[in-house]
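Below is one structure; the comments refer to it alone.
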Amino acid sequence: MVGPRGRGSNMAAIASACLRGEIPASVSMVIASAAGSGALDVAQQLGISTKVVVPGEQYGPRLLEALEGCDWLCLAGFLRILPTEVLDHFPNRVLNIHPSLLPKFGGKGMYGHHVHEAVLAAGESESGCTVHLVNERYDDGMIILQKKCAVLPDDSPDVLAARVLVLEHLAYPEALTKVIRDRSR
Ligand code: GRF
């Protein structure tokens with residue numbers, strides 16, 4: 001599931017890893033919260049079916065209907081708290097990726113460049129990404145895995161974001177494989 005400004009790069013990393021047989025799953029659909037999401041174009045180029053489910057009245061039931069047949073949900077650039085009925089329907093089966101080493105630099109309003117600006121302002125020597133289970137709070141669920149990189153003296157938020165994004169594309173497929181394997185044991 002992707003948000004309005006999603007580029008779809010994590011979704012593409014997951015879908016490609018599935019196609020290469022590296023994740024024991026396939027991406028059955030991409031759901032965006034707004035029609036303009038760039039991730040929808042990426043999904044269509046990859047031959048993945050897409051849906052747009054816009055938040056509002058009866059969002060939970062509409063999402064559940066759209067998610068029919070899915071076993072796992074992966075959020076990537078999806079900036080909202082999921083409705084309770086969706087979380088209840090997929091217990092411990094909703095994942096998110098965040099571009100910092102949680103619990104640092106997470107929470108409401110901490111997304112995109114805000115995260116990397118905060119990391120640089122805090123003078124951190126390392127950053128990275130976190131794949132975690134999703135609950136009813138922002139960036140709060142159990143951590144599945146993290147990948148770290150250095151923060152360099154001359155980093156701008158964009159440069160740091162690009163370094164972290166490389167790690168994200170490795171971390172999400174790895175984390176998804178781990179949770180699926182653990183669940184099927
Ligand atoms: C990623 O940086 C992810 O960590 C955050 O939103 C961004 C989504 O990027 N949650 P993309 O759409 O996957 O390229």
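The values are calculated or read from the model by the stated rules, or taken from the named source; none is laboratory data. Since we're looking at a predicted model, the values are computed, not measured. Cβ atoms come from the backbone with ideal geometry, glycine included; neighbour counts cover every protein chain shown. Remember, those area values only see protein heavy atoms, side chains included, never the ligands or the DNA or RNA. Shrake-Rupley method; radii C 1.70, N 1.55, O 1.52, S 1.80 Å.
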Each label sits 7 Å from Cα toward the beta-carbon; between His114 and Lys178 the label points are separated, in nm, by 2.7 nm
Under the rule rounded for a/c under 1.5, else prolate if a/b exceeds b/c, else oblate, using alpha carbon gyration tensor axes a ≥ b ≥ c, region 11-108 is classed as rounded
Beyond 24 Å (Cα-Cα) in this structure, taken from Lys148/Lys178; Lys51/Lys178; Lys51/Lys108, we find Lys51/Lys178; Lys51/Lys108
Of Thr50, Thr130, Thr84, ordered by accessible area with the largest first and a 1.4 Å probe, the sequence is Thr84, Thr50, Thr130
What helix-only [θ] at 222 nm does the chain give? Using -39500 (n - 2.57) per DSSP H run of at least 4, over all residues, to the nearest 500, the answer is -11500 deg cm²/dmol
Looking only at aspartates and glutamates whose Cα falls under 17 Å of Lys104's and that sit 8 or more positions away or on another chain, we get Glu117, Glu124, Glu126, Asp139, Asp140, Glu168
By accessible area (1.4 Å), largest first, Asp154, Asp88 order as Asp154, Asp88
So, relative contact order of region 104-185 in percent, Cα under 8 Å, 6 or more apart, is 29 percent
Rounded to whole Å², per residue accessible area for region 9-184 with a 1.4 Å probe reads 49 Å²
The answer for Val30, listing residues at least 5 apart or on another chain whose modeled amide H is closer than 5 Å to its amide H, is Ser49, Thr50, Lys51
Square roots of five times the C-alpha gyration tensor eigenvalues of region 112-185, ordered largest first and given in whole Å, equal 26, 14, 9
Descending packing, highest mean Cβ count within 10 Å first, for 134-141, 96-103, 37-44 is 96-103, 37-44, 134-141
For the chain, longest principal axis from Cα atoms; helix 9-19 axis from its Cα atoms; angle between them, nearest 10 degrees, is 60 degrees
Taking every alpha carbon pair in region 9-184 and sorting the distances into 10 angstrom bins from 0 up to the bin holding the longest one, the percent per bin comes out as 10, 37, 38, 14, 1
Note on region 9-184, DSSP bridge orientation, antiparallel percent to nearest 5 equals 60 percent
A correct Karplus calculation of ³J(HN,Hα) over region 167-175, with 6.51 cos²θ - 1.76 cosθ + 1.60, θ = phi - 60°, whole Hz and x for Gly and Pro, returns 5, 4, 5, 8, 5, 5, x, 5, 5
Measuring from its Cα centre, the chain shows a charge dipole (+1 at each Lys and Arg Cβ, -1 at each Asp and Glu Cβ) which, in debye to the nearest 20, is 300 debye
Along the dipole axis of region 9-184 (charges at Cβ: +1 for Lys and Arg, -1 for Asp and Glu; origin at the Cα centre), the most positive-end residue among Gln146, Gly106, Cys18 is Cys18
Of every hundred units of 1.4 Å-probe accessible area on the chain, the number belonging to carbon and sulfur atoms, as a percent, is 52 percent
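Suppose a student asked you for the relative contact order of the chain, using Cα pairs under 8 Å spaced at least 6 residues apart; what percent would you report?
The normalised contact order for the chain reaches 20 percent.
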